[in-house]
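Engineer: Sharing a structure here in structure tokens format.
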Amino acid sequence: MLYPLLEYYEVTGDQTFLRDKLAPALMELALFYEDFLTRTGAYGKAVFVPSFSMENTPGNTGEHLSVNATGDITAGRHALQAAIDAANAVGVEQGSREGVERWTALLDRLPDYRINEDGALAEWSSPGLTDRYDHRHIQHLYAAWPLHEINPEERPDLAPRLGRRTAQGRCQGVRQPPEDHRQ
């Protein structure tokens with residue numbers, strides 16, 4: 001929800017808006033993630049629980065609330081990095097044990113993205129949760145667009161994995177015509 005506000009600042013460079021509105025909101029959001037991401041899982045990574053992927057459930061559980069939805073991880077990563085950038089830009093939350101140090105440490109503890117058994121970016125980063133493709137959304141691709149976090153230049157390991165899912169024609173907007181129309 002803060003993305004349009006970030007875009008506004010990036011386009012206008014409005015320092016008053018950054019200082020008085022955007023930076024405080026981003027830092028509050030970072031504080032939320034500090035309070036929310038209190039569990040640690042395997043390999044010392046933070047755990048997003050409960051976690052939710054719109055209109056979808058892991059294929060092997062059928063439960064809407066789950067663990068480490070890729071879209072939630074992306075949103076957390078984006079929010080923490082935006083808070084760090086804003087705090088640095090306005091010169092607050094600097095120094096030992098201050099926000100920038102804590103948020104950077106938390107950012108480093110976020111779960112990695114996972115590639116599923118089909119070779120696509122997985123909807124859930126937790127091993128053992130399988131993807132179910134018969135739904136209408138692509139929330140797990142939020143890192144590719146609009147955020148551009150996953151792109152060929154910065155994440156050549158993940159960028160080719162984005163098209164695998166949509167090439168299978170299993171998400172709305174990428175549907176194939178009925179069999180009798182494919183001549």
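The values are calculated or read from the model by the stated rules, or taken from the named source; none is laboratory data. Note that the structure is predicted; figures quoted are calculated from it, not measured. With ideal geometry, Cβ positions are generated from the backbone for all residues, glycine too; neighbour counts draw on all protein chains shown. All accessible areas refer to the heavy atoms of the entire protein, side chains included, with ligands and DNA or RNA removed. Shrake-Rupley method; radii C 1.70, N 1.55, O 1.52, S 1.80 Å.
Engineer: Along the positive direction of the dipole of the range 1-74 (beta-carbon charges: Lys, Arg +1; Asp, Glu -1; about the Cα centre), which of G41, N60, A23 reaches farthest?
Structural biologist: Final value for the positive-end residue is G41.
Engineer: HN-Hα J couplings of the range 98-103 from phi, Karplus 6.51/-1.76/1.60, θ = phi - 60°, integer Hz, Gly and Pro as x?
Structural biologist: In residue order, the calculated couplings are 7, x, 4, 5, 5, 5 Hz.
Engineer: Would you mind working out the accessible area per residue for the range 85-155, using a 1.4 Å probe, and quoting it in Å²?
Structural biologist: 52
Engineer: Which residues in the range 59-95 have a backbone N closer than 18 Å to a point placed 7 Å from the Cα of E10 along the Cα-to-Cβ line?
Structural biologist: Once the point is set 7 Å along Cα→Cβ of E10, 74-90 turn out to lie under 18 Å by backbone N, inside the range 59-95.
Engineer: Oh, and also: For the range 13-148, with only Lys/Arg (+1) and Asp/Glu (-1) charged at the beta-carbon, what is the dipole magnitude about the Cα centre, in debye rounded to 20?
Structural biologist: Charge dipole of the range 13-148: 160 debye, to the nearest 20.
Engineer: On to the next question. Could you compute the FRET efficiency for F32 and N88, with r as their C-beta to C-beta distance and R0 at 25 Å, rounded to 0.05?
Structural biologist: 0.80
Engineer: Taking springs between alpha-carbon atoms closer than 10 angstrom, which of L31, L80, L110 fluctuates most in the Gaussian network model of the chain?
Structural biologist: L31
Engineer: Sequence-distant or interchain residues sharing an amide H contact under 5 Å with A46, placed H: which?
Structural biologist: Residues meeting the amide H criterion: G41, L110.
Engineer: Separate question: 5 Å is the cut-off here: which amide hydrogens, built 1.01 Å from N in the peptide plane, fall below it relative to W124, excluding neighbours closer than 5 in sequence?
Structural biologist: Amide H to amide H, under 5 Å and 5 or more residues apart or across chains, W124 pairs with T70.
Engineer: Shifting gears a bit: Pairs of Cα atoms under 8 Å, at least six residues apart: use those to get the relative contact order of the chain, whole percent. Before the final figure, lay out the partial values.
Structural biologist: Values: 238 pairs, mean separation 35.1, N = 183.
19 percent.
Engineer: Does the range 1-68 classify as rounded, prolate or oblate by the C-alpha gyration tensor (a ≥ b ≥ c root eigenvalues; a/c under 1.5 gives rounded; else a/b over b/c gives prolate, otherwise oblate)?
Structural biologist: Numbers: a/c = 3.67, a/b = 1.99, b/c = 1.84.
Prolate is the answer for the range 1-68, as a/c is 1.5 or above and a/b outweighs b/c.
Engineer: For H137, list long-range residues whose amide hydrogen, built 1.01 Å from N in the peptide plane, is under 5 Å from its own amide hydrogen.
Structural biologist: So H137 has HN proximity to Q172.
Engineer: Set Lys and Arg Cβ to +1 and Asp and Glu Cβ to -1, take the dipole of the chain about its Cα centre, and tell me which of W124, W145, A75 lies farthest positive.
Structural biologist: W124
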